[in-house]
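A.B. asks: Structure incoming, see below.
No lab work stands behind these numbers, since they all come straight from the coordinates. Just so it is clear, the model here is predicted, and its values are computed rather than measured. Heads up, the Cβs are rebuilt from the backbone with ideal geometry, glycines too, and the neighbour counts pull from every protein chain shown.
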Amino acid sequence: MARRYDPGRRQRIIDAAIRVVGAKGIAGLSHRSVAAEADVPLGSTTYHFRTLDDLMVAALRQVNEGFAEVVAARGTLEDSRADLAAELAGLIGEWLAGDRTGVELEYELYLAALRRPALRPVAAEWIDSLVGPLSCRTDPVTARALVALLDGICLQVLLTDTPYDEGYAREVLGRILGGGEGSGAGRS
């Protein structure tokens, strides 16, 4: 029997894995559940992704792109005239206002790195993708502190199901930036 050429199959498998994790969590992810969701033979999932970790790495990279697109669309992190605390607070507000399931899914895959070492480099890439532009506006230590605070704020909103408070975020980000209470001034 001749192999059928299907150039989009790998991508459909990744998309299916994301949907499975979104619906059932990491615990519901298996080659079998992804194959059923993607409507492909089980062997296709193992052909493209030998292990579940390989599949999760691909899925995490893809969902990370969603946040990177929000950052790129705003395009103001490097602008030294922009109020950095206000920009970051707005960025998180925009991200959390989008598809909540997507944000939850991204964090579920991101936190899966705690138990799955194969995911750690991808989680680190996400952190570095923010630290890099922020380091242009402040020092690297402060940039990492800002990313940690952003993560903490997002996790609190997701875990407590409370509305995002952009004013609060702007204030605490301003404090890390050294401008005192309510200040969003960063170092240029």
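A.B. asks: Evaluate the Kirkwood expression for the hydrodynamic radius of the chain, namely the inverse of the mean inverse distance over all pairs of different C-alpha atoms, and round to one decimal in Å. Write down the numbers at each step before the final one.
C.D. replies: Details: mean 1/r = 0.0560 Å⁻¹.
It works out to 17.9 Å.
A.B. asks: Using θ = phi - 60° and the Karplus relation 6.51 cos²θ - 1.76 cosθ + 1.60, list the HN-Hα couplings for segment 97-105 in order, rounded to whole Hz, with x at every Gly or Pro.
C.D. replies: For segment 97-105, the Karplus-derived couplings read 7, x, 5, 4, 4, x, 5, 4, 4 Hz, x marking Gly and Pro.
A.B. asks: Hey, with R₀ at 35 Å, roughly what FRET efficiency would LEU114 and ASP6 work out to, going by the Cβ-Cβ distance, to 0.05?
C.D. replies: 0.50
A.B. asks: Determine the gain in length on full extension of the stretch ALA148-ASP53; use 0.36 nm per residue of separation and subtract their C-alpha separation, reporting nm with one decimal.
C.D. replies: Extra length available between ALA148 and ASP53 comes to 31.7 nm.
A.B. asks: Report the relative contact order of the chain, percent, no decimals, based on alpha-carbon pairs under 8 angstrom and at least 6 residues apart.
C.D. replies: Values: 202 pairs, mean separation 38.4, N = 188.
Computed value for the chain: 20 percent relative contact order.
A.B. asks: Taking a point 7 angstrom from the Cα of ASP99 along the C-beta vector, which residues in segment 46-86 have backbone N less than 13 Å away?
C.D. replies: 62-67
A.B. asks: Please give, to one decimal in nm, the separation of the simple spin-label points placed at ARG32 and GLU65, each 7 Å out from Cα toward the Cβ.
C.D. replies: Distance between label points: 3.0 nm.
A.B. asks: Applying 1/(1 + (r/R0)^6) with R0 = 35 Å to the Cβ-Cβ distance of ASP161 and CYS136, what FRET efficiency is obtained, to the nearest 0.05?
C.D. replies: Efficiency, from the Cβ-Cβ distance: 0.50.
A.B. asks: I would also like to ask the following. Below 14 angstrom from the Cβ of ALA118, what's the summed charge of the other residues (Lys, Arg +1; Asp, Glu -1)?
C.D. replies: It works out to a net charge of +2.
A.B. asks: Give, rounded to the nearest 20 debye, the magnitude of the charge dipole that segment 62-150 has about its Cα centre when Lys and Arg contribute +1 at Cβ and Asp and Glu contribute -1 at Cβ.
C.D. replies: Here the size comes out at about 320 debye.
A.B. asks: Would you work out which of SER129, HIS31, TYR47 lies farthest towards the positive end of the dipole of the chain? Charges go on Cβ: Lys and Arg +1, Asp and Glu -1.
C.D. replies: Ranked along the dipole, the leading option is TYR47.
A.B. asks: On to the next question. What dipole magnitude, in Debye to the nearest 20, does the chain give about its Cα centre under +1 on Lys/Arg Cβ and -1 on Asp/Glu Cβ?
C.D. replies: Dipole size: approximately 880 debye.
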